[in-house]
1. Return the only residue of Ala98, Ala94, Ala137, Ala124 being free of Cβ contacts under 8 Å to residues at least 40 places away in the same chain, assigned by TED's automatic domain parsing to the domain that holds Gly18 and either over 30 Å from Val58 (Cα atoms) or small (Gly, Ala, Ser) (or both).
2. Can you find, within segment 77-120, the residue that is surrounded by the fewest Cβ atoms within 10 Å (Cβ to Cβ) among those that are over 20 Å from Tyr151 (Cβ atoms) and touching a His at 6+ places or on another chain (Cβ under 8 Å)?
3. How about segment 346-365: which of its residues are exposed (fewer than 12 other Cβ atoms within 10 Å of the Cβ) and assigned to a loop (DSSP other than H, G, I, E, B)?
4. What are the residue pairs meeting all of these: first residue in segment 311-325, first residue among the hydroxyl-bearing types (Ser, Thr, Tyr), second residue part of a loop (DSSP other than H, G, I, E, B), Cβ atoms under 9 Å, and 6 or more apart or on different chains?
5. Has segment 8-16 got at least one residue that is among the β-branched types (Val, Ile, Thr) and either over 23 Å from Pro293 (Cα atoms) or in contact with a Leu (Cβ under 8 Å, 6 or more places away or on another chain) (or both)?
6. What about Asp155, is it among the acidic types (Asp, Glu) and in a strand (DSSP E or B)?
7. Of the conditions (1) in a strand (DSSP E or B); (2) in contact with a strand residue (DSSP E or B) (Cβ under 6 Å, 6 or more places away or on another chain), Trp217 fails just one. Which one is it?
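The values are calculated or read from the model by the stated rules, or taken from the named source; none is laboratory data. Keep in mind the model is a prediction, meaning the values are calculated, not measured. For neighbour counting, all protein chains shown are included, and Cβ atoms are generated from backbone atoms with ideal geometry for every residue, glycine included.
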Amino acid sequence: MTEQTATRRRFAAWIRYGGPVSSDQVKFAIEHYQVAILQPWERDVLTELKRARPDMKVLAYKCLSSSRSYEPGPTYSSGVSHSEAERRGEHFFAHRHADNSRIEWKGYPGHWQMAVWSDEYRSAWIENVHREMSGSAWDGVMADNDVFDDYYGIDYPIEGGRRIEQIRAALDTLVQDAGSALNSINKLLVPNIAESRRETGRWARHAAYGGGFEEVWLAHSPDHHFDVATTEAQMVCLEGPGLSIVRTATDGTDGHPNFMFGLAAFWIFGGGRPGTSFSATGHDQYSGTPFNPYQDWDLGEPTGKIRRRGPGRMRAFSNGWAALNQDHRILGKEITIHVPPGLIGAHGSAPPRVLTLRPREGRLYLRSPDAG
């Protein structure tokens, strides 16, 4: 590892809780990523990353809301394993209102909804995760499925007439109590805070114990983008507290235009705040090393506020400049923007004097070393 590798700023996130990690992927991660989310059994990968990059934040994946019946153990992706839940009793599982059957998540075979409203379940989750994290090299936990709505065919109301509002309230309690417990041993809790924009204060409240992860940022899918009001409501995710990890949807290729659109938004609205990181992947494609070379660029510190022109947003930095067209419509409006002097593009190329951006396009430029 070179001194430059150890000290330069990075803003790429490695969301990597899919299949087994290869040695080549670890080498790539050491060079390019600032935050990594791994399955909790990837302890050898954790050791390699922390040895080479002690500055990298490495989080263990844990699900708040489900157990997975297909996992053999002894380490599990849930705070309460399926086998433990069965030992504890049927009251650890959620059940349908109509026939009292357990609820398997639609589209995710072997994922079972847990009774997050149960004090006993929440206590077991916290006790297990606290014990697993204590004395470990993990920086903390990324707590998945801090849900806001029904994404898995739960079909509320369920047993006891419980509705999604009661599930949200129970997860509020679990995040607060788990966060306090992990913070007490100097570990982070970083929930995947679903749709925080729909409830004022939800992001700040759930990110208070180490940060937050917004998995559906700017776009629900490669071709389904949120409107301007929705995307700007999401920008609170970049303000902290703690780590702010955001992911934009692509078709799974690093050249998809959403990659640059998201990266431009990341810089314009986040300003390069320490602790922020960005990724762009296909749906549930968390087994690779998604990366765009522009993620290695450091635009520096903001030198002014965000400029607005219709759906256009621009911002200048000490070492560069970023612009995007937020129009979410496929047949939306192109915009033209005058590019400031003294900038360069990839490979030192000169940018156009007037930049045309189609809807959902973004651009980054660096300040030329020759600029005054």
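1. Numbers: Ala94 fails: free of Cβ contacts under 8 Å to residues at least 40 places away in the same chain; Ala137 fails: free of Cβ contacts under 8 Å to residues at least 40 places away in the same chain; Ala124 fails: free of Cβ contacts under 8 Å to residues at least 40 places away in the same chain.
The unique qualifying residue is Ala98.
2. My answer is Glu120.
3. Ser349, Ala350, Arg353, listed by residue number.
4. Filtered contacts from segment 311-325: Ser318/Leu299; Ser318/Gly300; Ser318/Glu301; Ser318/Thr303.
5. Looking for residues that are among the β-branched types (Val, Ile, Thr) and either over 23 Å from Pro293 (Cα atoms) or in contact with a Leu (Cβ under 8 Å, 6 or more places away or on another chain) (or both), one finds none in segment 8-16, hence no.
6. On the way: among the acidic types (Asp, Glu): yes; in a strand (DSSP E or B): no.
So Asp155 does not fit the description; no.
7. (1)
Condition check ((1) among the hydrophobic types (A, V, I, L, M, F, W, C); (2) free of Cβ contacts under 8 Å to residues at least 24 places away in the same chain; (3) in contact with an Asp or Glu (Cβ under 9 Å, 6 or more places away or on another chain); (4) not in a helix (DSSP H, G or I)) across all residues:
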| site | (1), (2), (3), (4) |
| --- | --- |
| Arg87 | no, yes, no, no |
| Val129 | yes, no, no, no |
| Glu132 | no, no, no, no |
| Ala143 | yes, no, no, yes |
